[in-house]
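Working notes, structure below.
The values are calculated or read from the model by the stated rules, or taken from the named source; none is laboratory data. Quick caveat: nothing in here was measured; it's all calculated off a predicted structure. Here the Cβ positions follow ideal geometry from the backbone for every residue, glycine too, while neighbour counts run over all protein chains shown. Heavy atoms of the whole protein, side chains included, go into the accessibility calculation; ligands, DNA and RNA do not. Shrake-Rupley method; radii C 1.70, N 1.55, O 1.52, S 1.80 Å.
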Amino acid sequence: MEKETSLSDLYNLCDDFLKKVIEEMNESCIEKRQGIATPEHLMASMLNQPQFSKTVERYCSNMQAFVSELSEYITSQETMPEDVETHCVYSHQLLSLLQMTLYTCKAAGTSVIKASHLVYAMYELEDSLLAYLLKQYITDKVDFLRAVIDLSSSSTGSETAAKSDAPTTSSSERAILCDDDFLKAQTPIVGREKELELLTQILCRRDTHNALLVGEIGVGKSTIVHELARRLNSGNLPERFEAGKLYKLNLKSLLEGVHLRGDLERRMSDTLGSLSNQGNVVIYIEEMQLLFSAFSKQAEELDMVSLLKPYLDWSNVRFIGSCTPKDYTKNFSDQKRFEKYFQKVEIEEPSVEDSIRILQSVLPKYEEFHGVRYEAEAIDYAVRATSKHLHGSFLPHKAIALLDDAGAYLVSHYGKDIASKKVDKILVSNLLAKLCKNESLLVEGDGEERLATLESRILSKIYGQDAAVRLIVENIQMSKAGLLDDGKPLASFLFVGPTGVGKTEVANVLAKELGVELVRFDMSEYVEQYTVSKLIGSPAGYVGYDEGGLLTEAIRKNPNCVLLLDEIEKAHDSIYNILLQVMDYARLTDNKGNHADFRNVVLIMTSNAGAQYASRASIGFGSTVSAGETMIKQVKKTFKPEFLNRLTASVVFNAMDKTMAERVLNKKIGILQERLSARNVSLVLSEEARAYLLEKGFSREYGAREMDRAIATRLKPLLTKEILFGRLKNGGVASVSIENDNLVLL
């Protein structure tokens, strides 16, 4: 009973039976001059109703003792003096009972409080004599509650009873799916003989003859059951299953409209009871954890075994359940009694070769449906590519889904001309590239040409870092060739060098040339230890737990990407522990236990460590220590050995020199010219102006960023005023030269 619900309001919610009981209880307390009404008074008043009394007597082990102890307690209650006017006041326990009754009524989804709701609450009333007596003398709580429910239904009239019984009957009928439907949905079974043999062996046992198939979504749990149904139908199982049938329990229909455990048990009895006389029966329960989770909050003692126990001992009935490993761990792994009745059968993801054979046997149905033909090369590519690039789903389902999508693509784009079309490797790769957000999967030839020209394409945009680019490309090509470990990222690089020499720019260009996303994290934001939780998610109970980790979520959305961790030396030491796991196993687990896969990630970390010592490398007569060696020496002091040991390579970037500065200037001027072209303005720089910008923009200390600063402060202001207010407002030629050691617009 909610606080704002008064006793009078609660009384109005009761059915006629309970209203009569409450009125008689009040009159009895006043008559006996007992001013405080208790739950025991309410039960005594209920027992005065003949129909309810007969129901209690039917399930009570000793009716006389039950009534005697109840009456003895009521008689022992304090009475009011004769000269004091008696009023009936409800005790704290009785108010709690009424509150629990109202909660039970609401949980059942009804607006009328009935005797069944009150009796259920009486059993749950802690530290009360009434609850003790009920549990002592009426031990079969479930059957007793069923009888009280039937009593409440019959008291409302035959018409109402018929209406209330109709949904249960229809739900029970809908809860069965015959084995014929399994045969219609049959998918050819490939490579599952061991699992089928173990499943058949379990079903042939005398004890523990029920099985639970545990496997990820899409690996073929239902397909194994389909094959079992086919073998039952064709008689290819041991004689013990002669004339046997397989049924599927429709949990959605079974749980529809159920609010109390007693309702579910009665519906299961109606559904399964009719099967006991049909010979050998196998009942398949898909997503078995739903039966457990539907009522797990209502009673601590409720578990899967107690719910199914009346049917688990039947000699001619076998159960097969299925669930995912995560659901098994959550719902079944800690139930010792569950192992007594159910044998776990692990269904692993099929191998690539088995998946290819599965697709070859399945695709005739898809060819008939779409009216297209699938090439053998497309099938092979779909399985191998999805296995490598699609994470979070499993073979063979993800490969079948991709090929189904390819057939749908042809149908939607070619219509009546589809008969001449076929699903080939190029089409499948294009769809997979969109799905993975990875343009490198686009098949042009076999993709070798794009990889072969990767170095030259990067060098056309990055100047003066030829050795660094060559080292990066070589390692990525080795990884693509399969010469590096499959269980690690494509590559893990540490870029070391002065600021402004192109470390971040190389990562950006590499992502564009590989056709993948650039995912960037500025590690200066992760200086404090508590910020580590932002990457993998906050622990349970902390703010942000439901949001997940920034890094893990980013990789799950873009499993094929270049991951840039900028200025890694500024991050807290705890970050390195996370990166060790990533570089070693290409895997990171977030706060919810979900995995992010880094196998198709190029991990790049940048650092300025040791750059300040590079200029001192050649100081002194006869010095043979290079700037790169000096920076690497300082890097080894900054980072721990276990971190450096897991890197694919430490890449040293050269400091800015004159030649590099000239090429950078030309690139920056070219970018500026593209922007000016949008306003029909042509930029012409004299040789003196170029030399001036080169002089002001060249800096070994600040790198290419100083060039940006020189252009932004000395050239762009001249153009801005003329474009907005002057002679370049409608376009024209902007000729820039030098006058009095300053840039001028001629």
If we count every other residue with Cβ under 11 angstrom of LYS658's Cβ, Lys/Arg +1 and Asp/Glu -1, where does the sum land? -1
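Could you tell me which of rounded, prolate or oblate describes the stretch 1-138, using a ≥ b ≥ c as the square roots of the eigenvalues of the alpha-carbon gyration tensor, with rounded for a/c under 1.5 and, failing that, prolate when a/b is larger than b/c and oblate otherwise? Can you show the working numbers first?
Numbers: a/c = 1.63, a/b = 1.07, b/c = 1.53.
Note, shape of the stretch 1-138 comes out oblate.
Report the FRET efficiency, 1/(1 + (r/R0)^6), for ASN740 and THR659, where r is their Cβ-Cβ distance and R0 is 41 Å, rounded to 0.05.
Numbers: r = 29 Å, r/R0 = 0.71.
Result of the calculation: an efficiency of 0.90.
Taking the Cβ-Cβ separation of ASP485 and SER393 as r and a Förster radius of 25 Å, what is the calculated FRET efficiency to the nearest 0.05?
0.60
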Please compute the length gained on full extension between SER91 and HIS595, using 0.36 nm multiplied by the number of residues separating them and subtracting their Cα-Cα distance. 176.0 nm
State the Kirkwood hydrodynamic radius of the stretch 468-577 in Å, one decimal place, computed from all pairs of distinct Cα atoms. 15.6 Å
Quick check: residue separation of ASP708 and ASN730 times 0.36 nm, minus the Cα distance between them. What number comes out in nm? 5.3 nm
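Taking the Cβ-Cβ separation of THR139 and VAL84 as r and a Förster radius of 51 Å, what is the calculated FRET efficiency to the nearest 0.05? List each step's numbers first, then the result.
Numbers: r = 42 Å, r/R0 = 0.82.
After rounding to 0.05, the efficiency reads 0.75.
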Cα gyration tensor, the stretch 347-440 - rounded (a/c under 1.5), prolate or oblate: oblate
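For the stretch 321-440, with all protein chains present and a 1.4 Å probe, just round the carbon and sulfur fraction of the accessible area to a whole percent. All intermediate terms of the calculation are to be shown ahead of the outcome.
Values: 3200 of 6280 Å².
Of all accessible area on the stretch 321-440, carbon and sulfur atoms account for 51 percent.
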Under a plain spin-label model, where a point goes 7 Å from the Cα along Cα-to-Cβ, how far apart in nm are ILE426 and GLU674? 2.9 nm
A 1.4 Å probe over the protein heavy atoms gives the stretch 634-692 a carbon and sulfur accessible-area percentage of 45 percent
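Find the accessible area per residue for the stretch 338-423; the probe is 1.4 Å, ligands and nucleic acids are left out, and the unit is Å².
Working: 4500 Å² over 86 residues.
Roughly 52 Å² per residue, with all protein chains present.
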Zone of SER686's modelled label, taken as backbone nitrogen in the stretch 705-746 under 18 Å from a point 7 Å along Cα→Cβ: 714-716, 718-719, 733-746
Note the full-extension length gain between ALA452 and LYS633 as 0.36 nm times their separation in residues minus their Cα-Cα distance, in nm to one decimal. 61.9 nm
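With 20 Å as the limit, write out which pairs from LYS141/LYS309; LYS20/LYS54; LYS461/LYS503; LYS326/LYS488 have Cα-Cα distances beyond it, or answer none.
Numbers: LYS141/LYS309 16 Å; LYS20/LYS54 17 Å; LYS461/LYS503 13 Å; LYS326/LYS488 25 Å.
Over 20 Å Cα-Cα: LYS326/LYS488.
How much of the DSSP beta bridge set in the stretch 648-746 is antiparallel, as a percent to the nearest 5? The partial results should precede the final answer.
Numbers: 4 of 9 bridges.
Of those bridges, close to 45 percent are antiparallel.
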